[in-house]
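Enquirer: Shown below is the structure under consideration.
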Amino acid sequence: MIEIPVEGRSGGLVIMWIHDLVIVDELARVDQELHTMIKILLNQKPWLFSALYANTTVNNRNIIWNNLEKLNETYVGPWLVGGDFNDVLMSDVKWGGRPINNTRASQIWNCINKCKLLDLGFKRCKYNWSNCRKRSTGLIMERLDRCFVNDEWLSIYPNAIVNHLP
């Protein structure tokens, strides 16, 4: 297990694996990011996994997008980026509350496009976060968690899917 502890009631990342099946080498650990090299023992090719928990403060969150772009300039190989982006990227995965912030969504999409990453999409529930209120008192539901991969990662795992669990 590798962990970045929570700060107060938010943040934090944990990566867990089964030692007999997977080798995980930690490459970098910062407040909002955990970068590891993953080696599945049955597969010959290791790949980069970047786990994210985006800060709710915009300036802090922009650090992630800059770091991913820098990493993309130096890393060549299969890459999966996943976690809580703490922002809605498209209006069709938001219900209730204020409209999405197009400026913030554009910053994330610019990073994803520069890094040539593809959204793995999802199965099951459309939303993976809620403020847990009733509709009559301002219910908000959003998709904040995502997984992006590059072509090389997808060629190794063409059947990969993301399931939003209840």
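The values are calculated or read from the model by the stated rules, or taken from the named source; none is laboratory data. Since the model is a prediction, treat every value here as computed from it, not as a measurement. When we count neighbours, we look across all protein chains shown, and the Cβ atoms used for this are built from the backbone with ideal geometry, even at glycine. Side chains included, ligands, DNA and RNA excluded: accessible areas come from the protein's heavy atoms. Shrake-Rupley method; radii C 1.70, N 1.55, O 1.52, S 1.80 Å.
Enquirer: Does any residue of segment 154-163 turn out to be open to solvent by 40 Å² or more (accessible area, probe 1.4 Å), under 22 Å from Asn55 (Cα atoms), in contact with a strand residue (DSSP E or B) (Cβ under 9 Å, 6 or more places away or on another chain) and touching a residue at least 60 places away in the same chain (Cβ under 8 Å)?
Expert: Within segment 154-163, none of the residues are open to solvent by 40 Å² or more (accessible area, probe 1.4 Å), under 22 Å from Asn55 (Cα atoms), in contact with a strand residue (DSSP E or B) (Cβ under 9 Å, 6 or more places away or on another chain) and touching a residue at least 60 places away in the same chain (Cβ under 8 Å).
Enquirer: When segment 50-74 is examined, which residues are found to be open to solvent by 40 Å² or more (accessible area, probe 1.4 Å) and among the aromatic types (Phe, Trp, Tyr)?
Expert: Within segment 50-74, just Tyr53 meets the criteria.
Enquirer: Further, regarding this structure: Among the residues in segment 39-46, are any at negative phi, part of a strand (DSSP E or B) and open to solvent by less than 30 Å² (accessible area, probe 1.4 Å)?
Expert: Among the residues of segment 39-46, not one is at negative phi, part of a strand (DSSP E or B) and open to solvent by less than 30 Å² (accessible area, probe 1.4 Å), which makes the answer no.
Enquirer: Separate question: Quick one: Lys114 ticks every box in (1) more than 26 Å from Val6 (Cα to Cα); (2) in contact (Cβ under 8 Å) with a residue 40 or more places away in the chain; (3) loosely packed, with under 11 Cβ neighbours inside 10 Å; (4) not hydroxyl-bearing (Ser, Thr, Tyr) except a single one, so which number is it?
Expert: (3)
Enquirer: I need a count of the residues in segment 120-153 that are loosely packed, with under 14 Cβ neighbours inside 10 Å, touching a strand residue (DSSP E or B) at 6+ places or on another chain (Cβ under 9 Å) and not hydrophobic (A, V, I, L, M, F, W, C). Break it down stepwise before answering.
Expert: Of the residues in segment 120-153, the ones loosely packed, with under 14 Cβ neighbours inside 10 Å are 121, 123-126, 130-138, 151.
Right, trim to touching a strand residue (DSSP E or B) at 6+ places or on another chain (Cβ under 9 Å) and you get 121, 123-126, 130-131, 151.
If we keep only those that are not hydrophobic (A, V, I, L, M, F, W, C) as well, we get 121, 123-124, 126, 130-131, 151.
Going through segment 120-153 one residue at a time, the tally reaches 7.
Enquirer: Out of the residues in segment 6-21 meeting the condition of being open to solvent by less than 80 Å² (accessible area, probe 1.4 Å) and either part of a loop (DSSP other than H, G, I, E, B) or modelled with pLDDT of 95 or more (or both), tell me which one is farthest from Asn59 (Cα to Cα).
Expert: Filtering segment 6-21 for residues that are open to solvent by less than 80 Å² (accessible area, probe 1.4 Å) and either part of a loop (DSSP other than H, G, I, E, B) or modelled with pLDDT of 95 or more (or both), the one farthest from Asn59 (Cα to Cα) comes out as Trp17.
Enquirer: Can you give me the number of residues within segment 26-37 that are in contact (Cβ under 8 Å) with a residue 24 or more places away in the chain and either buried (at least 16 other Cβ atoms within 10 Å of the Cβ) or among the aliphatic types (A, V, I, L, M) (or both)?
Expert: 6
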